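These notes concern the structure reproduced below.
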Amino acid sequence: MNVHDILQNPDEHIRFSAYLDKLEHVADANELDLVSRVLTDPDQTMAQSAVLRHLDRRAAGLYPGPAYEKWAQTMTQATIDHPLLAQRLREWSLFRAITLKLPWQAEDLLASSNWLQLKTAAGTNTEAIEILAEAGRTKRIRNTARVGLNHRSES
């Protein structure tokens with residue numbers, strides 16, 4: 001089933017599932033085109049949700065290595081007109097910087113979404129965890145960070 005055929009299906013649940021399948025198996029060379037095509041679906045909530053899952057899956061596998069930067073630049077082209085997706089890509093880049101101990105700014109972490117703060121609070125960068133234990137956006141984020149710090153001090 002090609003993307004044009006998927007778009008013809010009136011059931012957004014079937015389209016969502018078909019998009020996820022296509023995105024999971026897309027060749028790197030065709031990824032930009034496929035993501036761009038998915039984002040033409042009239043049901044923008046569903047389309048962006050499918051692409052968000054794809055971005056999270058790919059970024060989780062790519063962020064530790066050098067291929068991440070080129071991939072993120074390419075995906076930024078496809079998602080530039082979709083604020084939620086563009087923000088998620090920026091946050092994956094910040095998570096990468098924090099995790100790999102590349103340069104990053106505390107204010108960027110504190111301004112980030114609950115998703116990134118919680119992911120970082122459960123991570124390995126002690127400086128970031130300390131910041132979130134003190135000033136994370138929610139009680140859950142602060143507690144997750146404090147638990148992580150306590151486990152570190154017990155080790």
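Between a first residue in region 86-114 that is closer than 30 Å to LEU39 by Cα and loosely packed, with under 14 Cβ neighbours inside 10 Å and a second residue that is among the basic types (Lys, Arg) and modelled with pLDDT of 95 or more, which pairs have beta carbons less than 7 Å apart while being 6 or more apart in sequence or on different chains?
Between residues of region 86-114 that are closer than 30 Å to LEU39 by Cα and loosely packed, with under 14 Cβ neighbours inside 10 Å and residues that are among the basic types (Lys, Arg) and modelled with pLDDT of 95 or more, the close pairs are ASN114/ARG137.
Mind checking which residues of region 116-147 are of a type in the set (A, V, I, L, M, F, W, C), part of a helix (DSSP H, G or I) and open to solvent by 70 Å² or more (accessible area, probe 1.4 Å)? Outline the logic, then answer.
Initial filter on region 116-147 (of a type in the set (A, V, I, L, M, F, W, C)): 116, 118, 121-122, 128-129, 131-133, 135, 141, 145, 147.
After this cut, where a residue has to be part of a helix (DSSP H, G or I) as well, the list is 116, 118, 121, 128-129, 131-133, 135, 141, 145, 147.
Answer for region 116-147, where residues must be of a type in the set (A, V, I, L, M, F, W, C), part of a helix (DSSP H, G or I) and open to solvent by 70 Å² or more (accessible area, probe 1.4 Å): just VAL147.
Looking for something in a helix (DSSP H, G or I) and more than 23 Å from ARG58 (Cβ to Cβ) - is there at least one such residue anywhere in region 88-104? Working first, answer last.
Keep residues of region 88-104 that are in a helix (DSSP H, G or I), which gives 88-99.
Now restrict to residues that are more than 23 Å from ARG58 (Cβ to Cβ): none.
No, every residue in region 88-104 fails to be in a helix (DSSP H, G or I) and more than 23 Å from ARG58 (Cβ to Cβ).
Against the definition (out of contact with any Lys or Arg (no Cβ under 7 Å at 6 or more places or on another chain), touching a residue at least 12 places away in the same chain (Cβ under 8 Å), in a helix (DSSP H, G or I) and basic (Lys, Arg)), how does ARG58 come out, yes or no? Before you say what the answer is, go through the steps one by one.
Values: out of contact with any Lys or Arg (no Cβ under 7 Å at 6 or more places or on another chain): yes; touching a residue at least 12 places away in the same chain (Cβ under 8 Å): yes; in a helix (DSSP H, G or I): yes; basic (Lys, Arg): yes.
Considered against the rule, which asks whether it is out of contact with any Lys or Arg (no Cβ under 7 Å at 6 or more places or on another chain), touching a residue at least 12 places away in the same chain (Cβ under 8 Å), in a helix (DSSP H, G or I) and basic (Lys, Arg), ARG58 comes out as yes.
The values are calculated or read from the model by the stated rules, or taken from the named source; none is laboratory data. None of the values given here were measured: they were computed from a predicted structure. So basically every Cβ, Gly included, is an ideal-geometry build from the backbone, and we count neighbours across all protein chains shown. We work out accessible area using only protein heavy atoms, side chains counted, and drop any ligands, DNA or RNA first. Shrake-Rupley method; radii C 1.70, N 1.55, O 1.52, S 1.80 Å.
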